[in-house]
């Protein structure tokens, strides 16, 4: 069987048409088999070369191989085109309404004061203060007497007390932890003691339960200036680097000298507004140098050691952060409120 | 305490009110508020009458051309006869209001437009004169706000006095503070009375039986008084300070108390039986009708003033009706005394009776001021009532008031405590400004004499505070504390608390914080047994509400109540938790036991969010999943064992959280009966975990084991078993029976629709060998063993 060059050209032309006409990868595979497969037409031509006259063999062989290569190339091109089309179709078919909400529950919330507590912990632990806790139901001794507040002391009126059967009290401040922690410990030391405290006061601006942090450090030279330093750093950590503090003289039976700490009102920037009762300042807490009588109660020699102590409510910071107008919003358990914070 | 500044200014020169308030506050006398009394003149201005013409249509009216801004003349019609050109006057322009609120409008008066009003003293609210306009001082600046020119009204400082500063509960005390801050000499009012007639001691004898309760008792007698209402200056003064006027005698005692801080009392001498005043303890069964009309039973710890027969006053707190000064009183006995603060406080507290007098006695009065106040009051009463001050005073003394007189202070110690660098001379000067005398400073120690009115100063530290507060806390440096490296530790519970909070937040739950109070009835509602240890609650002796009478031994009632409240707010999905202490009675005399618990409560309402959590996941399993994830977050190998011993859990839908052999908590559906008791009418599940117990478990970071590179082989089995057969048991049996190469077995489907009473459970078994590829035969053999076991033990048929 002789093969003519023109026939080869026709074959190639036909293959090109069929390749272009193949609608999918399956059809393309069939077309390729028909032409280039072992029993395909082009392969047939190549197989027939041996029977040609020697002078024609080279030429026909070269042309047949070239045609085979070109067809192979066409197949590859067509395959790529078909594959791309199929990917595009698959992509276009997978269309979700991505505006639907994500599956699962929305994230919950930690209590705002818990978050403040964590910030507080980060600050103090990194500065060598250990965290200490104490009982919420206290003895009169730890809550009052050891803090230089004997029974008939007028300062006891400063804190309305819940009395508990058995002669106990719900601690009115975290200061008893100071006594429990210092007793039997040798300075130098630094502690903070956070926790819930209770005052029998149900006025709208106060809460019968709130959370306080007590901080204290004792060493041979630790001073009021150091107290100011740690409180400035703490205030700025909690409320921002532009926080301004004011220390004013005050009275607590367990510190001497004593001070109240105010921070500049963030709502009016110290100009005076309803939140700060026109004073430009908001009360934050109390502090001072630990009273020698308190050190003595803890078996620490006040002639050798001195220290500072401070205490403040944690709610104030939480309220500032979230713009909460009243402390009771923190303790009402109204999920419509807590879900926002 | 209310401090009218005009009054205070009679004692000492005052700076600007804002500066005064700031320094007093910084120094420890907190000015809570600055009240302005008198009319508000800030809307009015000073005008200059440039020209006065007669009104074209009315002879009695003037038409004034008034300059307020330079070069600008306003036409104002004025009816006052005294108005004239060249006067400076108070002008209310149209659009403003008079101090009494009357609006001023532009108006036509007899055909001429008037642009405002020239005011009389009465219209300004500063006087009664209405015959003519008020002519201002020539120096008044034209256009200035009137309140800057006319001093009408007064400033009243509302000062919070700390319990240690009893000496500041008077004009004298505040004046001393002003002097310490700003300098200036204090002008004392006239004190010494003119005496006449027989000695007071002729008519009255004084004795102190209870010498611990009374340090000093002084009395002065004024004879021939006429009790009447007080003159207006006295009434105004008392009212400005917040007190009510009674009559001239009582008013004087109150005035002198406000002046010097020494409470006084006036008796009708005629009422004193036996002409005797005895300071003694009350006797059992005694009672006294007091000036407020109430009769109170007295206690042996109370200190009373008595005559020969009966109590006539409750010492330092309130007088008795039986000796009250009234219209018929002729002779008045003035008491000025120094009582022991603790005694007064005790009785005032016991009776819930706080008076101006008790307030001051509790804080301590000036031991050296007792006589002075008596003199001053006698003088004023004589002056106002026409009486005569009897010659001499009558007095008695009890024990000496325990008060520190001298304190030694080392200036170096001042600097060491404050972190300052003050010279000794500066320390001395700061002390002297407060009346503290430096007796000796040669030895390097300062020997300081404490003034009699400063009973609060006893220790060197007290003096250091005095130095600091007058120096100014804001001038003390702000430094970073130096010291050795100290390890910071935290309580063992903090880590689990943090992990639990994070885990439950991820579940979408909200942390709350609630009060620790419950009603014992809440525990009935939880169906706790009579001998449940949680019944051993502690009573709060003075609760805020009946329902809050005990300290909670479980967080559950508080949280169930919060759930109810949130359901009332029409919230549908309520999921909240709290980490807080619970309290239980301990051994006799010991502090109660406090443990930290986690309690969470979750509901699923009718409007359940099917997209977030598909309906086919029952609430119990949603919560159980949360518990499993939480325990995994804690790194604890917890087992959730079927059934709970808690009576508030649903008997058929609850688990105990078990670690090792200890039950650390519960999770499950709320018992329907309990739900009803708390008013919860939607499906509700709870979690409880004893975090104190969790914190006591050793916390260890999970260890590493080699991961195998060999391929996994998975086989799925569906088994038909009895519907009541717990799947957990089957899973556990599979794990035991699956051989060494079974690395995981999970349940991935459960289907009830196959045949009555049966359930199809689908398990996936995963096999892997550490070092080589498993053969099909090996895996099949292991699976066959499992299948055989399922048949034998559980009657399971392979599907």
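Values in this text are rule-based calculations from the coordinates and carry no lab data. If you're wondering where the values come from, they're calculated on a predicted model, not measured in any experiment. Glycine also receives a Cβ, built like all others from the backbone with ideal geometry; neighbour counts cover every protein chain displayed.
Remarks
- Listed residues A:279, A:41, A:258, most fluctuating in chain A (Gaussian network, C-alpha, under 10 Å): A:41
- Angle in degrees between helix B:17-26 and the longest Cα principal axis of chain B, rounded to the nearest 10: 50
- Per-residue ellipticity at 222 nm from helix content only, as computed over the protein assembly as shown with -39500 (n - 2.57) for each DSSP H run of at least four residues, stands at -9500 deg cm²/dmol.
- Each principal axis of the Cα atoms in region B:302-361 has its own extent, and those three values, largest first, are 34, 24, 20 angstrom.
- Measuring spread by the Cα atoms of chain B yields a radius of gyration and Dmax of 42.2, 131 Å.
- Computed FRET value (nearest 0.05) for residue A:23 with residue A:47, which takes r as the C-beta separation and R₀ as 22 Å: 0.15
- Relative intensity of region B:351-435 on a log10 scale, I(q)/I(0) at q = 0.14, 0.18, 0.20 Å⁻¹, equals -0.83, -0.98, -1.06, per a Debye sum over C-alpha point scatterers of equal strength in the absence of solvent.
- Cα-based shape type of the protein assembly as shown, given that a ≥ b ≥ c are square roots of the gyration tensor eigenvalues and the cut on a/c is 1.5: prolate
- Relative to the current alpha-carbon distance between residue B:54 and residue B:639, full extension at 0.36 nm per residue lengthens the span by 200.1 nm.
- Once both labels are positioned 7 Å from their Cα atoms along Cα-to-Cβ, the gap between residue A:13 and residue B:722 label points is 8.4 nm.
- Using a Förster distance of 56 Å, the FRET efficiency for residue A:186-residue B:766 (Cβ separation, nearest 0.05): 0.45
- For region B:502-518 and region B:91-130, distance of Cα centres in Å: 63
- Summarising the strand pairing of the protein assembly as shown, around 95 percent of its internal DSSP beta bridges are antiparallel.
- Degrees separating the helix B:776-794 axis from the principal Cα axis of chain B, which is the longest one: 70
- Three-way shape call for region B:533-663 based on the alpha-carbon gyration tensor, with the a/c threshold at 1.5: oblate
- Largest mean-square fluctuation among A:55, A:97, A:160, in a Gaussian network model of chain A whose springs join Cα atoms under 10 Å apart, belongs to A:55.
- Cβ-Cβ distance of residue A:65 and residue B:568, R₀ of 60 Å, FRET efficiency by 1/(1 + (r/R0)^6): the value works out to about 0.10.
- Gap separating the Cα centres of region A:55-75 and region B:19-40, nearest whole Å: 109
- Using C-alpha pairs below 8 Å separated by at least 6 residues, the relative contact order for chain A is 14 percent.
- Averaging the sequence gap over all C-alpha pairs within less than 8 Å and six or more residues apart, then dividing by the number of residues, gives chain B a relative contact order of 8 percent.
- Counting Cβ atoms of other protein chains within 10 Å of each Cβ in A:321-334 and taking the mean gives 2.
- Volume in Å³ per residue [convex hull over Cα atoms, computed for region B:434-519]: 302
- For the segment A:184-192, counting C-beta atoms of other chains within 10 Å of every residue's C-beta and taking the mean gives 2.
- Footprinting exposure proxy for B:167, B:331 (fewest neighbouring C-beta atoms within 10 Å first): B:331, B:167
- In this simple spin-label approximation, residue B:486 and residue A:203 carry label points 7 Å from Cα along the Cα→Cβ vector, and these lie 3.6 nm apart.
- Cα centroid of region A:201-280 to Cα centroid of region B:631-648, whole Å: 44
- For region B:672-734: rounded, prolate or oblate by the Cα gyration tensor [a/c cutoff 1.5]: oblate
- Zero-based 5 Å bins, Cα pair distances in region A:125-279, whole percents: 2, 8, 14, 19, 20, 17, 12, 6, 2, 0
- Length released on extending from residue B:209 to residue B:276, taking residue separation times 0.36 nm less the Cα-Cα span: 22.9 nm
- Between helix B:341-351 and chain B: long-axis angle, C-alpha atoms, 0 to 90°, nearest 10: 70
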